[in-house]
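Below: the structure, in structure tokens.
The values are calculated or read from the model by the stated rules, or taken from the named source; none is laboratory data. Values in this document were obtained by computation on a predicted structure and should not be read as measured data. No Cβ is skipped: glycine too gets one built from the backbone with ideal geometry, and neighbour counts run over all protein chains shown. Calculation scope for accessible area: heavy atoms of the full protein, side chains included, ligands and nucleic acids excluded. Shrake-Rupley method; radii C 1.70, N 1.55, O 1.52, S 1.80 Å.
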Amino acid sequence: MTVDELMNQIKKEMTGDLAKDLEHLSERASALRKEENAQELLEAIAEYAYEMMPEEQREQFTEQTFVRGKRMDLAFAEALQLVNEKNMQGAEEILSDISDKIAEYYENAKPRLFSFRNPFEYHMYRYFYPNDTDFDRAPFDFAHYLQLYGYVLLDNKKFSEADAALERAIRFNPVSADVRFEMAELCKIQRNRKKLLAINQETLRLCTTADRIARVLANMGFYCYYVGDFYEAAVFYFDSLRFQNSGAVEYELQDVLRHMKTYGQKFTPPTKGQTIDVYEKYGLQPPPNSDLVNLAVTLANSAQEYGKPELQGLFTRVAFDLTNDPHFKEELERIDRQIQEQKEEQ
């Protein structure tokens, strides 16, 4: 989609009610995050929303969302570019200013603000915390901003500050597996075995893709190796490779097998029952999380009933990513054809 096409659609969707229109623009922006040209599309929406505001509201918006003379998302993009260029000190300075702005205006907002990345994360939160209904959408992806800040602080050896930033990121998105991966890296560096196990236990139930599941299992392999449970480490590394091939994980598995051989231990591919026993030893449920699969299927069916193929496709994609079930792949292909046909009819 081009910027012109998007803006033509958006202008037709405006109602004249500023609050409703701004909320609609926020929803449109969230739905566009996976587009190839998402950056320019999101920027166009942000500029349009800014122009719609009355002068007084615009000044307040500028005070609360601009960092170093730039809208917060643009300042974050600059910091991300510095990270890609390995300029961690420069990135830290910008992200520190973003962090301060978040703390000043959004950290203790009432109602509480969340920055879920997509509708499925929203429904995950509602599923896990059904009694919490008093919250709003954050204007930017604060969880992602603070996650990167934590990553940079970690790289700059500021471990306690990194821990604080990542805890704040989790509060803005309690169902994010990605933030917890950064926390797990911090735990590994600090050799905090107890917290690493707890983080892995939390993260596994939140994983919605095979690569995330594989990463948690590799982290469990690291944990078990560190505490001297070599057989269990081998099982977790072996199962990690089942979800995603990785040269690094294969190397770690071979290293564990060499240590087992040194101690006269043998390893053969575990049975399903043996694998389940290892998971249960550490308080883990074997993936994928069946609750998330069922939630995705239920939401996909509901989206189909309400005639929302884009949402149906998103939820079906989650079900497929978790299970690799060919039925869901066929559904995705059918939904893609349906969306394409609808576009051609417009």
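Among the residues of segment 172-194, how many are without any contact (Cβ under 8 Å) to a residue 12 or more places away in the chain and not polar (S, T, N, Q)? Give the steps one after another, and end with the answer.
Taking segment 172-194 and keeping what is without any contact (Cβ under 8 Å) to a residue 12 or more places away in the chain, we get 192, 194.
Subsequent filtering for residues that are not polar (S, T, N, Q) retains 194.
Selection size over segment 172-194: 1.
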Original post:
How many of the residues making up segment 207-241 are more than 24 Å from Asp291 (Cα to Cα) and not in a helix (DSSP H, G or I)?
Top reply: 2
Original post:
Pairs, please: C-beta under 9 Å, at least 6 apart or cross-chain, first residue part of a loop (DSSP other than H, G, I, E, B) and in segment 262-274, second of a type in the set (Asp, Glu)?
Top reply: Pro270/Asp239; Pro270/Asp277
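Check whether at least one residue in segment 5-25 is out of contact with any helix residue (DSSP H, G or I) (no Cβ under 7 Å at 6 or more places or on another chain), of a type in the set (A, V, I, L, M, F, W, C) and either surrounded by fewer than 12 Cβ atoms within 10 Å (Cβ to Cβ) or touching a residue at least 60 places away in the same chain (Cβ under 8 Å) (or both), and report yes or no. Give the derivation first.
Taking segment 5-25 and keeping what is out of contact with any helix residue (DSSP H, G or I) (no Cβ under 7 Å at 6 or more places or on another chain), we get 5, 8-9, 11-12, 16-17, 19-20, 23.
In the following step, the residues that additionally are of a type in the set (A, V, I, L, M, F, W, C) were identified as 19.
Going one step further and asking which of them are either surrounded by fewer than 12 Cβ atoms within 10 Å (Cβ to Cβ) or touching a residue at least 60 places away in the same chain (Cβ under 8 Å) (or both), we end up with 19.
Yes: segment 5-25 contains one or more residues that are out of contact with any helix residue (DSSP H, G or I) (no Cβ under 7 Å at 6 or more places or on another chain), of a type in the set (A, V, I, L, M, F, W, C) and either surrounded by fewer than 12 Cβ atoms within 10 Å (Cβ to Cβ) or touching a residue at least 60 places away in the same chain (Cβ under 8 Å) (or both).
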**OP:** Please verify whether segment 31-40 includes one or more residues that are touching a His at 6+ places or on another chain (Cβ under 9 Å) and either part of a helix (DSSP H, G or I) or open to solvent by 40 Å² or more (accessible area, probe 1.4 Å) (or both).
**Re:** no
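Would you call Lys11 under 26 Å from the mean Cα position of the chain (by Cα) and charged (D, E, K, R)?
On the way: under 26 Å from the mean Cα position of the chain (by Cα): no; charged (D, E, K, R): yes.
No: the conditions fail for Lys11.
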**OP:** Name the residue, out of Ala198, Ala210, Ala138, that is of a type in the set (A, V, I, L, M) and without any contact (Cβ under 8 Å) to a residue 12 or more places away in the chain.
**Re:** Ala198
**OP:** Please state which of the following conditions Tyr151 fails to meet, knowing it meets all the rest: (1) of a type outside the set (Asp, Glu); (2) in contact with a Lys or Arg (Cβ under 8 Å, 6 or more places away or on another chain); (3) open to solvent by 50 Å² or more (accessible area, probe 1.4 Å).
**Re:** (2)
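Quick one: would you say Ile335 is open to solvent by less than 50 Å² (accessible area, probe 1.4 Å) and more than 16 Å from Glu121 (Cα to Cα)? Even if it seems obvious, please write down each step before you answer.
Numbers: open to solvent by less than 50 Å² (accessible area, probe 1.4 Å): yes; more than 16 Å from Glu121 (Cα to Cα): yes.
For Ile335, the condition - open to solvent by less than 50 Å² (accessible area, probe 1.4 Å) and more than 16 Å from Glu121 (Cα to Cα) - is met.
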**OP:** Only residues that are among the charged types (D, E, K, R), over 30 Å from Pro119 (Cβ atoms) and in contact (Cβ under 8 Å) with a residue 12 or more places away in the chain: list them for segment 213-238, please.
**Re:** Glu232
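Okay, residues lined up against (1) hydroxyl-bearing (Ser, Thr, Tyr); (2) open to solvent by 70 Å² or more (accessible area, probe 1.4 Å):
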position	(1), (2)
Glu51	no, yes
Pro54	no, no
Glu59	no, yes
Thr65	yes, no
Ala77	no, no
Ser96	yes, no
Ile102	no, no
Original post:
Taking Thr298 and the conditions (1) open to solvent by 80 Å² or more (accessible area, probe 1.4 Å); (2) farther than 16 Å from Met124 by Cα, which numbered condition does it fall short on, given that it satisfies the others?
Top reply: (2)
Subject >> Scan of segment 302-324 for residues that are touching a residue at least 40 places away in the same chain (Cβ under 8 Å) and of a type in the set (A, V, I, L, M, F, W, C), ordered by number >> reply: Leu311, Leu314, Phe315, Val318, Leu322
